[in-house]
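Values quoted throughout were computed directly from the atomic coordinates according to the rules given, and no laboratory measurement underlies them. A quick note: this is a predicted structure, and the numbers were derived from the prediction, not measured. Here the Cβ positions follow ideal geometry from the backbone for every residue, glycine too, while neighbour counts run over all protein chains shown.
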Ligand code: 6PG
């Protein structure tokens, strides 16, 4: 595990963008599973503003680690956020494979699983992403694997339907085995509200074992890109 700590969210997002530029520079068909929520918004804005000419966009194939079961133009759509803040800002024709949140959740979980299998190489009999970007919830969830649905970590499926424990919103999520089969998993976490979870999870405390994010142990590299606020308890 490698941790990279920066002064503030802007510096964190900027350095993560530089990491993406390095990783994708000479790797055609580079597959990235994007995370959702608010943290990636700053990354998308910085990529659109300062990396249009820096990143080899035709090299990248965009997927999602999870998606809310809402239409693509809904304010809560993870695809919708990336499309507005990044894809629409880049003149390139991009390879974007969104989760169709408007579909029946069980049908879409199956469909997206088939899509992933058709697009990625199989390693250990599982699709292998080059990079899975993850956020961290204050309850220790990641992607849409919540603490009351730990079985999604060990599911043999590629994608499953999850349910947000507070809102009841249906989600589609990659399962833990697929996330852990990635070449690289990078957590992108900012803000003091995440500091205690970050401490518990990176130190693998006993309490952390009840958090899904603590069970993300990829066969490849595990990176944490954080600001000082999120890393305050390290
Ligand atoms: C989602 C995410 C989820 C998110 C965390 C952190 O669809 O909401 O994939 O796992 O990354 O909840 O969200 P914030 O970045 O908004 O704190």
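Details
- Residue 125 paired with residue 84, simple spin-label distance in nm, labels 7 Å along Cα-to-beta-carbon: 4.3 nm
- Residue-averaged [θ]222 nm for the chain, counting only DSSP H segments that reach four residues, each worth -39500 (n - 2.57): -8000 deg cm²/dmol
- Of interest is the spacing of the C-alpha centroids, which for segment 1-52 and segment 126-163 amounts to 20 Å.
- Kirkwood analysis of segment 1-132, using all unique Cα-Cα pairs, places the hydrodynamic radius at 15.6 Å.
- Fraction of beta bridges assigned by DSSP in segment 1-141 that are antiparallel (%, nearest 5): 20 percent
- Hull-based mean projected area of the chain, where the convex hull spans the alpha carbons, in square nanometres: 11.4 nm²
- Stretched out straight at 0.36 nm per residue, the stretch from residue 11 to residue 157 would grow longer than its current Cα-Cα span by 48.9 nm.
- Förster radius 22 Å - calculated FRET efficiency between residue 97 and residue 221, Cβ distance, rounded to 0.05: 0.45
- Converting the Cα gyration tensor eigenvalues of segment 91-190 into ellipsoid dimensions via √(5λ) gives semi-axes, longest first, of 20, 17, 15 Å.
- Kirkwood Rh (inverse of mean 1/r, distinct Cα pairs), segment 142-234, angstrom: 13.8 Å
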